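Q: Before we start, here is the structure in question, set down as C-alpha cells.
The values are calculated or read from the model by the stated rules, or taken from the named source; none is laboratory data. Fair warning: this is a prediction, and the values are worked out from it, not measured in the lab. Don't worry about glycine lacking a Cβ; one is built from the backbone with ideal geometry, like all the others, and counts go over all protein chains shown. Each accessible area value is taken on the protein alone, full model and side chains, heavy atoms only, with ligands, DNA and RNA left out. Shrake-Rupley method; radii C 1.70, N 1.55, O 1.52, S 1.80 Å.
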Amino acid sequence: MEQSNEVIQKKNLFSGIQPSGNITLGNYLGALRNFVLLHEQYNCLFCVVDLHALTLRQDPAALRRNSASLAALYIACGLDPEKNIIYCQSHVPEHAELGWILNCFTYMGELSRMTQFKDKSQKHADNINAGLFTYPVLMASDILLYQTHVVPVGADQKQHLEICRDIAGRFNSIYGDVFVIPEPYIPKTSARIMSLSDPTRKMSKSDAEDSYVAVLDAPDAIRRKFKRAVTDSEAEIRYDPENKPGVSNLLSILAAVKGTTPEEEASALSGLGYGALKEATAQAVVEALAPIQARYQEIIKDKDYLNAILKTNAEKAHAIAFRTLRKVYKKIGLYQI
Ligand code: TYM
C-alpha cells in the first residue's frame, strides 16, 4: 500500500457546561461522556461557561466553587488538559466581545422563538433579564470564535445550535467565509435524560436535589434516588417513552451507561419488577461514576495544579479567539491601529 505523508488536519470541537449547580447524570450522558468519546478525533475546547450562568442569580461563593469543580470534573472524566483546551469562559474576553458584535446580527424575533428562553422566563418570572434573552448569541460566539466544526450537546441545545448556524450563515453571506458553520452532535439514547421525580420533565441541575443524580453523588445517595424514582402503576418493564416515561427513562439511563439499547435492557429484565430495574440502573451508574469520582477527589485537592492548567489553557484559547475576532473587526470595518 502506498504510504501517504499527508498530515490529516483534525477538525475542531467545542462544547461547554454551565457551572450553575451540581453536574447531573443528564449532563454526563447527554454531553460529557461524548466529549470523552470524541476528544481524540478533534482539536477540542471544553469550556466552563461561567458568563452564561449569570443569566440566573448565582451565589458568588457557590459560582466560584462550581467553576473549579466543573474544570476538575472535565479532567476527571478523562479529558487530558495537555491535549484539550479546558478553560473558563470569563478568562477569555473575546467571548463577550464577539457576543456584542453578533447581537447586532441577530433578530429579536429569532430570539423570541427560543423555547429555553420561554421555559426559563416562566420559571424565573421575577428575573427575566436581557442576558437570558441574548443567551444564544453568547453561545454562538463561544462556538464561532474557534472555527468549530462539531458541538456535542444534549437535545435541549439543538435550537441554540440552529440559531448559531443561522447567525454564522448570515454573517458569512455579507462578509465572506469568516466562520465555519458548526454541526451539532446529539447522542441517540441519552439526548434527553428525564427527572427522577417527574419523568415528563428534563433532568436539570437547577431543580430539587431528589429529582437528579449528580455525577459526584455518593453511591448510597445514588441508590436512594433511583429507589424513589417515579415509575407507574403497571408492573411491566417496557420501553415506551410516551406512555411509560419513568420506566423508559430508567431503561435509557441503563442502556446509555452500558452501551446497549433501552429495548435490549427491557427484554433482559422482562418478567422482573420495577425494583430490579431500579437496582440494576443504580448499580450500573455507581460503577460508571466510581473511577471519575476517585480521580476528581485527587484533582480538586490540588488547586495550584488546577489553576495552572486553567491559566495556560485560557492563554491557548485566547490566542485562537483573538485571531477570529481580529478578522471579524476588520471585515465589519472597525478602525484598526
Ligand atoms: P447546560 O449547562 O444546561 O448543560 C450542559 C450539557 O448537558 C446537556 N444536558 C442534558 N443532556 C441530556 N439530558 C439532560 N437532562 C440534560 N441536561 C443537560 C446539555 O444539552 C448540554 O449539552 N447552553 C449550554 C452551555 C453552552 C454551550 C456553549 C454548549 C454555552 N455555550 C457552546 C455548547 C457550545 C447549556 O446550558 O448547557
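Q: So Leu138 passes all but one of these: (1) free of Cβ contacts under 8 Å to residues at least 24 places away in the same chain; (2) within 14 Å of the ligand (Cβ to nearest atom). Which condition number does it fail?
A: (1)
Q: Now a separate question. Please verify whether region 111-130 includes one or more residues that are within 24 Å of Ala321 (Cα to Cα), of a type outside the set (Ser, Thr, Tyr) and away from the ligand (no atom under 15 Å from the Cβ).
A: No - not one qualifying residue is present in region 111-130.
Q: Does Val48 qualify as being in contact with a Ser or Thr (Cβ under 6 Å, 6 or more places away or on another chain), of a type outside the set (Lys, Arg) and modelled with pLDDT of 95 or more? Before the answer, list the steps.
A: On the way: in contact with a Ser or Thr (Cβ under 6 Å, 6 or more places away or on another chain): yes; of a type outside the set (Lys, Arg): yes; modelled with pLDDT of 95 or more: yes.
Answer is yes for this residue.
Q: Any idea which residue in region 167-189 is least open to solvent (accessible area, probe 1.4 Å), counting only those that are within 16 Å of the ligand (Cβ to nearest atom) and hydroxyl-bearing (Ser, Thr, Tyr)?
A: Among them, the one singled out is Thr189.
Q: Next up: Just one of Gln116, Gln41 is out of contact with any Asp or Glu (no Cβ under 8 Å at 6 or more places or on another chain) and open to solvent by 20 Å² or more (accessible area, probe 1.4 Å); which is it? Even if it seems obvious, please write down each step before you answer.
A: Working: Gln116 fails: out of contact with any Asp or Glu (no Cβ under 8 Å at 6 or more places or on another chain).
Just one listed residue meets the conditions, Gln41.
Q: If I go through region 191-237 residue by residue, how many of them are surrounded by 16 or more Cβ atoms within 10 Å (Cβ to Cβ), away from the ligand (no atom under 12 Å from the Cβ) and part of a loop (DSSP other than H, G, I, E, B)?
A: Matching residues across region 191-237 total 7.
Q: Pairs needed: first member in region 255-278, within 17 Å of Leu289 (Cα to Cα); second member anywhere, of a type in the set (Asp, Glu) and open to solvent by less than 60 Å² (accessible area, probe 1.4 Å); C-beta distance under 9 Å; at least 6 residues apart or different chains.
A: Ala255/Glu265; Lys258/Glu265
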